[in-house]
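See structure below.
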Amino acid sequence: MKLGTLRDGSRDGALAVVSRDLSRAVSAQEIAPTLQAALDDWDRVAPDLAALSDALNTGKLNTGKGADAFPFDPARMESPLPRAYQWADGSAFVNHVELVRRARGAEMPASFWTDPLMYQGGSDAFLGPRDPIPLIDDAHGCDFEGEVAVITGDVPMGATPEQAGEQIRLLMLVNDVSLRGLIPGELAKGFGFFHAKPSSAFSPVAVTLDELGDAWSDGKLSLPLECRLNGDLFGKPNAGADMTFSFPRLIAHAAATRPLGAGAVIGSGTVSNKQDTAHGSAISEGGVGYACIAELRMIETINDGAPKAAFMTPGDRIRIEMIGADGGSIFGAIEQEVVRQVV
């Protein structure tokens, strides 16, 4: 099933079930008021949500009892969780990390291949899938990062990857907005990201694993992630290929010393493919391109000694989407424009 959160003026929005083809939706308020409420009581409410989803997809809704379908409009949607108790983003695509370090002449620690990197981001004010990206200063270096994320149930401290995988409730897409100009100074303090990681945006809907078919295997989602910058295809790297750490492994890592509450969001990190080379290839060169501008800039630095690609500025638009085997959009598209934020 596909679940989303309607923007209704409240802080956490209203839970809705969305049709498989993303054409229609129906309120799920009689089952659970919000997605977080559904996650808190998943074992009880999931069967009812699934039944509502089946009725919506087969045209058998029991209308007249608060279950009338309406056209699905991504512009009316919040992120599936407008805010979350936990947002932890991994870096499962070690090729991306290797490029970052090589571009600045740093060695790649061997432990990066065996122990996931992860940071804890701000989760109190996620952006909706059509919300603008506010930018105060162009020098901050605004970048998109195309990723996949899971939403979990309750994960006990010290869970194994197998136990963690059993708690994956939903998948969605992410634009993990990064301010590249602020990252070096923050990391130099030795205390991690803060200002460099503003609010992230998520896809219009989150989906259960059964919606993914054979594309979901071994805790990975093996489909291309399409990123279009100002209408042009910037990248279509496969979100399963070159993923060093599966989602169950990432969840277990996040829960190593603490439990994760229902509704925890765990991200994959920027999707990145090696493309049969050490560094990757742009779309214009016949490759699958990149899921962030920084990776292209790293390639330019490695090959030419300096980056040329510009980061996003007001007026630039980014679209992130994943297409299924049937040719339809799985999660709907994240589509955002950078706008000037006056403070």
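The values are calculated or read from the model by the stated rules, or taken from the named source; none is laboratory data. All values reported here derive from a predicted model rather than from experimental measurement. Cβ placement follows ideal geometry from the backbone for every residue including glycine, while neighbour counts extend to all protein chains displayed. The protein model used for the area step is the full one, side chains on, heavy atoms only, and it has no ligands, DNA or RNA in it. Shrake-Rupley method; radii C 1.70, N 1.55, O 1.52, S 1.80 Å.
Observations, loosely collected:
- Share of pairwise Cα-Cα distances greater than 17 Å in the stretch 9-107 is 61 percent (whole percent).
- Tensor-based shape of the stretch 252-343 (alpha-carbon gyration tensor, a/c under 1.5 rounded, otherwise prolate or oblate): rounded
- The stretch 85-176 shape via C-alpha gyration tensor axes, a/c threshold 1.5: oblate
- Loop-exposed trypsin sites (Lys or Arg not before Pro) per DSSP, neighbour cap 11 Cβ within 10 angstrom, longest uninterrupted part of the chain: 190-307
- Eligible lysines near Lys236 by straight Cα distance, threshold 17 Å, same-chain separation 8 or greater: Lys220, Lys274
- GNM top mover of Ser217, Ser27, Ser203 - the chain, alpha-carbon springs below 10 Å: Ser217
- Rounded to whole numbers, the Karplus 3J(HN,Hα) couplings from phi for the stretch 27-32 are 5, 10, 4, 6, 9, 7 Hz, using 6.51 cos²θ - 1.76 cosθ + 1.60 with θ = phi - 60°, and x at Gly and Pro.
- Sparsely packed loop sites in the stretch 1-106 (the GluC sites (Glu not before Pro) outside DSSP H, G, I, E and B with at most 16 other Cβ atoms within 10 Å) comprise Glu30.
- Sequence-distant lysines (8 or more away, or on other chains) whose Cα lies within less than 23 Å of Lys60: Lys2
- Accessible area per residue for the stretch 176-225 is 46 Å², calculated with a 1.4 Å probe on protein heavy atoms, without ligands, DNA or RNA.
- Ligands, DNA and RNA left out, the 1.4 Å accessible surface of the chain is 50% carbon and sulfur atoms.
- Longest to shortest principal axis, alpha-carbon extents of the chain, angstrom: 65, 44, 41
- Gyration tensor (alpha-carbon) shape descriptor, the stretch 117-273, a/c threshold 1.5: oblate
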